[in-house]
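One structure is given below, encoded as structure tokens.
Here, each number is a calculation from the coordinates, and none is a lab measurement. The model shown is predicted, which means the values in this text are computed figures rather than measured ones. As a convention, Cβ positions derive from the backbone with ideal geometry for all residues, glycine included, and neighbour counts pool all protein chains shown.
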Amino acid sequence: MSSGQKKRNFQIEAFKHKVVVDPKYAEKTWKILEHAIHEIYNHNASGLSFEELYRNAYNMVLHKFGEKLYSGLVSTMTIHLQTMSKCIEAANGGSFLEELNTKWSDHNKALQMIRDILMYMDRTFIPSTHKTPVHELGLNLWRDNVIHSDKIQARLLNTLLDLILRERTGEVINRGLMRNIIKMLMDLGPSVYQEDFEKPFLEVSADFYRAESQEFIECSDCGDYLKKAERRLNEEIERVSHYLDVKSEAKITNVVEKEMIANHMLRLVHMDNSGLVKMLLDDKFEDLGRMYNLFRRVPNGLSTIREVMTSHIRDTGKQLVTDTEKSKNPVEFVESLLEKRDKYDKIISLAFSNDKTFQNALNSSFEYFINLNPRSPEYISLFVDDKLRKGLKGVKEEDIEIILDKVMMLFRYLQEKDVFEKYYKQHLAKRLLSGKTVSDDAERSLIVKLKTECGYQFTSKLEGMFTDMKTSQDTMQGFYAAYGAELGNGPTLVVQVLTTGSWPTQSSITCNLPSEMSALCEKFRSYYLGTHTGRRLSWQTNMGTADLRATFGNGQKYELNVSTYQMCVLMLFNNADCLSYREIEQATEIPSSDLKRCLQSLACVKGKHVLRKEPMSKDIGEDDAFSVNDKFTSKLRKVKIGTVVAQKESEPEKQETRQRVEEDRKPQIEAAIVRIMKSRRVLDHNNIIAEVTKQLQSRFLANPGEIKKRIESLIERDFLERDNADRRLYRYLA
């Protein structure tokens, strides 16, 4: 091309030839598709070419006949569904659901094929025009023309509810068919399932269970009623798993729980001769477990059981601790407490799933009634004393630990732990001094447990007692090393030297020892004071024991193991054949109450009466006369004569112990007040009372009146002062 030639612009123009569509194209194509839909519904789909049908539907949408195709589909499907509806309506009795199920299955198959043919319309035309997709449209048309038709809707609901009622009354129904029909309602959308079936189903169920529960409760005891309620609940859960919507489970179980359990809770637990209390008394673990599992499903169910159980435990516990017969024997008293505790521990473990709230209720109940008896600390200590003296002989170590743990559990409930400590110290002292403890390991194990529970301060004196016993052994070895040869074949002396602060304080009671022993005791005193400076010794004759060789009238020789008091009495008979009570009292100077117990054990205990008493009776009178029983015999060479023990404290002794406890509490209360005031500087009266009570509750329950007295005492001694403006305020004086 030469440069002189003009440049020409190329332009692409639209295709001039007009494509003419056959004016009857849409009608013809729709007729083909309509015929195909009829054939599908009439089960003649095998002769159809789905590829050709798809292409026809595709072309209709492409040529903007989508609206005609969609509206034609709606009207054609509606015609077929109305026909189906008439067939279903015509079905009689049991065949009604089967016919409905068959037609639903047919409609679903047809719908699947139609959706495949109209796939292009589903993907393009429907989204752009915001119409309902083919499958959903098919479901909606089925709902409107079949399920919601006047002659089917109510009939369907009644049939379903009737079948469920028949199943509840024991008939076997076709669960597979039920599952298909319910699944159909669920496929039609949540609202259809809920409105057309679930709501009426729940209402009818509530009526059914309301009536049935009323009937059951009138003719059943509590255990049987709970079994029936449990069975009904399980049946409903099973029903849901077989043919209902899984979301219906919570709703139908709520109905059963409300009608069969919640509405009758109080009547069930309080039912005469079969309610909760009767179950607890008879250890009905299975029934209790059933009650727990059913009641936990309803509001306030467990709290109802807990309140009745707590009330019952408190009432029976109160009867137990205030029963004068039970209180006569401290060991039986504590054993009955432990039995009660074991019983309810087992119930909570086996029936109440170890529920913490029930364990807490049990603990608070025990704490309540154990402290109703002011002698509980003493009795628990006596129980320990009994076990550690003889009760644990031959018992395995792990079993000993179990018993000690149970004792510690009761100990935790005591509000006056310091009272227990007082008695425990007295009893431990007697065990150690008489050498009657079954196991040193068990003794130490209990002290470790007490230390863990209450701290070092609580057990420091108890540990000091063990230290004294060890030191005393070394002292006696030293004494015999120094004086052994000089003493020769005279009486043998074993002394335990006790530190005053560690051992229970005993008022030093003088008793006239036989001259032989008196000289030996003086020798030991001079030895001990010679080796230890700045110490004083005072003899506790009421706590000692002795071994005596005795020869009776028939020439029989025995070795008698007796207390120091008994030894003093028996040695008098070396120089006299017969002595009156007053003569013995004058010669020995043993306190009257101890002397009477001592003579009782020597003259009134069958098989061990080494003395004869005139007149013969169980009690010792001041005019009684005593002589050696020449006819005394025993199968044993060594005869142990125990003292008739006042196992529990007498009233004066009890008062004395209580007084000592109160005295010991005073410095502890003062120390707590000073600690609190030191950190707070200024505090009002009520808050001091609350803080002191809280600080001391691990040892005892402080009396507000006593706290007030201690505050006054501290004010007098210039530790605290009252505020000038507000007399209820206290200030700490540094």
> Is there a pair in Lys343/Lys406; Lys417/Lys449; Lys451/Lys709; Lys387/Lys638; Lys278/Lys343; Lys461/Lys640 whose C-alpha atoms are over 22 Å apart, and which pairs would that be?
Replying inline: Lys451/Lys709; Lys387/Lys638; Lys461/Lys640
>> Order 454-461, 380-387, 256-263 from most to least packed using the mean count of other Cβ atoms within 10 Å.
In response: 380-387, 256-263, 454-461
> Once both labels are modelled 7 Å past Cα along the beta-carbon direction, what's the Lys183-Val605 spacing in nm?
Replying inline: 8.7 nm
> How big is the chain by the Kirkwood estimate over distinct Cα pairs, in Å?
Replying inline: 36.5 Å
>> If each DSSP helix of 4+ residues adds -39,500 (n - 2.57) and the sum is divided by the residues in the chain, what number results at 222 nm, nearest 500 deg cm²/dmol?
In response: -20000 deg cm²/dmol
>> What are the extents of the Cα atoms of segment 545-640 along their three principal axes, in Å, largest first?
In response: 32, 26, 23
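For Arg536 and Asp399, compute 0.36 nm times the residue count separating them, minus their Cα-Cα distance, and round to one decimal in nm.
Stretched out fully, the Arg536 to Asp399 stretch lengthens by 45.0 nm.
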> Please state the relative contact order of segment 653-732 as a whole percent: Cα pairs under 8 Å, 6+ residues apart?
Replying inline: 34 percent
> Dividing the convex hull volume of the Cα atoms of segment 375-505 by its residue count, what figure in Å³ per residue is obtained?
Replying inline: 126 Å³
>> Rg and Dmax in Å for segment 23-146, alpha carbons only: what are they?
In response: 15.1, 52
> Under 29 Å Cα-Cα from Lys24, which lysines qualify once same-chain neighbours fewer than 8 residues away are excluded?
Replying inline: Lys16, Lys64, Lys68, Lys131
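Stokes-Einstein at 4 °C, 1.567 mPa s, Kirkwood radius from Cα pairs: D for segment 285-425 in µm² s⁻¹?
On the way: Rh = 16.2 Å.
My calculation gives 80 µm²/s for D.
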> Given H placed 1.01 Å from N in the peptide plane, which residues other than close sequence neighbours of Leu683 have an amide H under 5 Å from its amide H?
Replying inline: Tyr730
>> Please list, ordered by chain and number, the residues whose modelled amide H lies under 5 Å from the amide H of Ser580; skip anything fewer than 5 residues away on the same chain.
In response: Phe626
> Which three extents, in whole angstrom, do the alpha-carbon atoms of segment 653-732 cover along their principal axes, largest first?
Replying inline: 47, 24, 17
>> If I stretch the segment between Lys199 and Asp440 completely, what's the gain in nm (0.36 nm per residue apart, minus their alpha carbon distance), one decimal?
In response: 79.4 nm
> At q = 0.14, 0.17, 0.26 Å⁻¹, what base-10 log of I(q)/I(0) does the Debye formula yield for segment 426-479 when every alpha carbon is treated as an equal point scatterer in vacuo?
Replying inline: -0.40, -0.58, -1.09
> Once you put a point 7 Å from the Cα of Arg681 and another 7 Å from the Cα of Ala90, both along the Cβ direction, what distance in nm separates them?
Replying inline: 10.2 nm
> Quick one: putting +1 on the C-beta of Lys and Arg, -1 on the C-beta of Asp and Glu, what dipole do you get for segment 545-640 around its Cα centre, in Debye to the nearest 20?
Replying inline: 740 debye
> Suppose every K and R has +1 on its Cβ and every D and E has -1 on its Cβ; what is the size of the dipole of the chain about the Cα centre, in Debye to the nearest 20?
Replying inline: 2080 debye
> For the modelled label position 7 Å from the Cα of Glu721 along Cα-to-Cβ, which residues of segment 671-699 have backbone nitrogen atoms closer than 18 Å?
Replying inline: 674, 677-685
> Could you give the nm distance between label points at Ser518 and Glu136, where each point is 7 Å from its Cα heading toward the beta carbon?
Replying inline: 11.8 nm
> Looking at the chain, do any whole DSSP H helices span at least 20 angstrom along their long axis by alpha carbon and average 0.0 or above on Kyte-Doolittle, and which?
Replying inline: 66-90, 153-168, 397-413
>> Taking R0 as 51 Å, what FRET efficiency do you get between Glu307 and Leu165 from their Cβ-Cβ distance, rounded to the nearest 0.05?
In response: 0.85
> Taking H as built 1.01 Å from N, whose amide H comes closer than 5 Å to the amide H of Thr545, not counting residues under 5 places away?
Replying inline: Thr564
